[in-house]
Number of protein chains: 2
Amino acid sequence: MKIGILGYGNLGKGVECAIKQAEDAELVAVFTRRDPASVKLLTAGVPVVNVSQIESYKDKIDVLVLCGGSATDLPKQTPEYVKMFNVIDSFDTHAKIPEHFAAVDKAAKETGHTALISCGWDPGMFSLNRLYANCILPDGEDYTFWGKGVSQGHSDAIRRIEGVKDGKQYTIPVPEALEAVRAGKNPTLSTRQKHTRECFVVAEDGADKAKIEQDIKTMPNYFADYDTTVHFISEEELKRDHAGIPHGGFVFRSGKTGWDGEYNNIIEYSLKLDSNPAFTSSVLIAFARAINRLHNEGVNGCKTVFDIAPAYLSPLSGEEIRAHLL
Amino acid sequence: MKIGILGYGNLGKGVECAIKQAEDAELVAVFTRRDPASVKLLTAGVPVVNVSQIESYKDKIDVLVLCGGSATDLPKQTPEYVKMFNVIDSFDTHAKIPEHFAAVDKAAKETGHTALISCGWDPGMFSLNRLYANCILPDGEDYTFWGKGVSQGHSDAIRRIEGVKDGKQYTIPVPEALEAVRAGKNPTLSTRQKHTRECFVVAEDGADKAKIEQDIKTMPNYFADYDTTVHFISEEELKRDHAGIPHGGFVFRSGKTGWDGEYNNIIEYSLKLDSNPAFTSSVLIAFARAINRLHNEGVNGCKTVFDIAPAYLSPLSGEEIRAHLL
């Protein structure tokens with residue numbers, strides 16, 4: 001399958017790497033809003049093209065992977081580019097998924113294209129695990145924990161505080177909460193009981209560190225409802241020890257079976273990822289394969305991970321996966 | 001959906017319980033090879049019918065759940081009953097899945113029915129997790145561990161030994177092996193390094209316990225390749241402490257992402273089940289829902305869990321699952 005990438009940030013680079021690992025995928029072009037001359041790819045011989053020229057690739061790409069942000073890019077880009085291409089995105093503003101789905105579905109059906117939105121690990125693999133587990137154990141409770149990992153939104157929030165030069169925030173699940181869920185205790189957990197937040201902050205010269213710490217810990221929505229730890233470190237330490245973008249998390253379903261709910265069951269799915277964008281990209285490429293196949297079968301419109309039979313994700317045949325993976 | 005159950009052992013009883021938990025399922029009849037008068041159901045008002053009369057239910061059942069064993073029952077029953085019904089089974093002889101699939105697919109297509117084979121947790125949910133994880137991380141290693149749980153086959157093997165009155169065997173993953181996989185060490189593990197076996201044995205009066213222990217520990221295939229512990233207990237202790245059929249296990253994919261495989265990733269799926277047959281039954285009923293829907297859409301032939309879009313497992317609409325589970 002021939003893949004195009006729109007947007008060459010961390011996610012776009014991750015998609016480029018995932019294409020290299022996929023035996024049946026080929027990178028055709030990377031589209032950017034920047035000056036193409038300023039963008040250097042890892043893959044040799046692939047053109048970088050200004051997005052204004054994207055229409056000329058209309059018949060040269062099987063799936064366009066949209067690597068913009070959920071806040072402002074994707075709500076516009078996905079419904080726009082699905083008019084020219086089959087597309088896939090990682091739209092992750094949970095509350096706005098229904099309206100995004102409707103907009104993409106309408107444009108896709110009008111032009112006979114196929115789209116998949118909200119793909120990655122959450123939404124994405126975590127969603128799939130919530131759905132499977134809810135269908136198997138209708139009488140039960142869901143728990144999702146995130147981390148240990150870097151939250152981009154919380155890191156950005158720290159950086160906006162007066163006197164902060166740079167900073168990084170880790171979201172960490174509370175071990176006691178994980179253990180209570182794993183033990184089938186079905187705890188009711190407050191926000192504070194589920195996650196802690198750990199911040200590594202580089203202060204400007206002469207900044208009031210006590211005030212910075214206070215500003216972080218009392219910030220509504222982001223930190224006020226959590227137990228937050230703040231460490232002041234040097235710029236060198238931040239670069240040396242906190243350059244990565246690791247993430248991960250846990251999805252649990254704790255549910256009952258038996259005639260009177262006499263049996264407990266715990267389903268646990270977890271991810272531990274050295275690079276959040278690289279893993280998200282690998283999920284995107286697997287689902288791009290499915291979108292390409294569905295399109296070739298004449299299926300149009302907007303899909304989510306829930307609509308994709310798992311066999312469509314594999315480059316192997318039905319016989320091969322039944323023989324080796326069932 | 002109207003469900004029939006063929007075979008009323010532990011699995012058949014589990015299916016009956018799972019139907020009680022499913023808002024959209026109704027138990028129509030239980031079919032048995034025994035004298036129906038000798039079988040007492042948990043559900044009030046549902047007939048127990050000798051299997052010789054099953055054809056009279058041809059148009060009264062949406063999906064027939066086959067609850068026989070994989071060794072001798074299912075290889076005959078599934079291709080036979082798919083001629084009259086949509087069917088689902090939990091056939092788990094991994095090596096014979098391709099031929100079972102072919103036989104069921106042929107009979108299903110000839111008569112316009114829909115079947116799903118090898119459903120449950122392994123094969124089943126574990127298979128799905130292997131497939132998803134392999135598609136996302138093509139450069140990686142798979143690890144499956146079983147337990148802690150009761151192995152029926154190994155318990156039966158113990159009971160066949162001279163001087164043994166009763167017995168139960170637990171399969172236990174080696175904690176150090178789990179930790180090495182979880183830590184991304186990609187260990188090469190021998191059979192002995194992955195699982196230990198723990199046996200609880202009731203000896204006949206006057207039996208040679210030393211010989212029984214020796215016979216167990218040296219039994220080829222079942223125990224010789226494992227570190228095995230044997231405990232002699234009384235019949236009362238066995239009944240009191242080992243009456244349940246718990247099971248579970250772990251599926252891991254440890255794989256690399258990035259341009260040069262510089263990032264490690266661990267995907268882990270685990271189950272901890274108080275009752276193996278009750279959980280397997282809950283999986284069967286979720287997939288029975290999918291089979292009923294596919295049949296109503298005109299899809300015939302034999303399927304596996306790989307062929308089912310996850311949304312088909314849910315009693316909720318696409319809008320509902322996108323809004324609440326994505």
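The values are calculated or read from the model by the stated rules, or taken from the named source; none is laboratory data. These numbers were taken from a predicted model, which means no experiment stands behind them. Every residue, glycine as well, gets a Cβ built from its backbone with ideal geometry; the counts of neighbours run over all protein chains shown. For accessibility, only protein heavy atoms count, side chains too; no ligands or nucleic acids. Shrake-Rupley method; radii C 1.70, N 1.55, O 1.52, S 1.80 Å.
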Next item on the list: Quick one: count up the residues across the range A:301-326 that are within 24 Å of the chain's Cα centre (by Cα) and not β-branched (Val, Ile, Thr).
Entry: 12
Next item on the list: Determine which single condition B:Ala309 fails, assuming it passes every other condition in (1) within 28 Å of A:Glu99 (Cβ to Cβ); (2) of a type in the set (A, V, I, L, M, F, W, C); (3) in contact with a Phe, Trp or Tyr (Cβ under 6 Å, 6 or more places away or on another chain).
Entry: (3)
Margin query: Checking the conditions here, which among A:Glu23, A:Glu55 is within 14 Å of chain B (Cβ to nearest Cβ) and surrounded by fewer than 12 Cβ atoms within 10 Å (Cβ to Cβ)?
Written below: A:Glu23
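Mind checking which residues of the range B:247-287 are polar (S, T, N, Q) and touching a residue at least 24 places away in the same chain (Cβ under 8 Å)?
Passing the criteria: B:Ser254, B:Thr257, B:Asn264, B:Asn265, B:Ser275, B:Asn276, B:Thr280, B:Ser281, B:Ser282.
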Next item on the list: Please tell me if A:Ala290 is open to solvent by 60 Å² or more (accessible area, probe 1.4 Å) and not basic (Lys, Arg).
Entry: no
Check: Residue check: is B:Leu238 in contact (Cβ under 8 Å) with a residue 60 or more places away in the chain, part of a helix (DSSP H, G or I), open to solvent by 10 Å² or more (accessible area, probe 1.4 Å) and not hydroxyl-bearing (Ser, Thr, Tyr)?
Finding: yes
Note to self: Just the residues that are assigned to a loop (DSSP other than H, G, I, E, B) and of a type in the set (A, V, I, L, M), please, taken from the range B:206-230.
What the structure shows: B:Ala207, B:Met219, B:Ala224
Margin query: For a quick check of your reading: which strands (runs of 3 or more DSSP E) sit entirely within the range A:243-326 and have at least 1 residues that are at the interface with another protein chain (Cβ under 7 Å from one of its Cβ atoms) and out of contact with any Asp or Glu (no Cβ under 8 Å at 6 or more places or on another chain)?
Written below: A:263-273
Note to self: So B:Leu189 ticks every box in (1) closer than 23 Å to B:Ile266 by Cβ; (2) among the aliphatic types (A, V, I, L, M); (3) crowded, with 18+ Cβ neighbours inside 10 Å; (4) without any contact (Cβ under 8 Å) to a residue 60 or more places away in the chain but one. Which box is left unticked?
What the structure shows: (3)
Check: Can you name the residue in the range A:26-52 that is in a helix (DSSP H, G or I) and open to solvent by 80 Å² or more (accessible area, probe 1.4 Å) and is also farthest from the other protein chains (Cβ to nearest Cβ) among such residues?
Finding: A:Ser52
Note to self: Whether any residue in the range A:272-283 is at pLDDT 95 or above, of a type outside the set (A, V, I, L, M, F, W, C) and open to solvent by 40 Å² or more (accessible area, probe 1.4 Å) is what I want to check.
What the structure shows: yes
Next item on the list: Quick one: in the range B:6-20, of everything that is open to solvent by less than 30 Å² (accessible area, probe 1.4 Å) and part of a loop (DSSP other than H, G, I, E, B), which residue is farthest from the other protein chains (Cβ to nearest Cβ)?
Entry: B:Gly7
Check: What's the number of the condition A:Tyr222 fails, among (1) at the interface with chain B (Cβ under 10 Å from one of its Cβ atoms); (2) out of contact with any Ser or Thr (no Cβ under 8 Å at 6 or more places or on another chain); (3) of a type in the set (Ser, Thr, Tyr)?
Finding: (1)
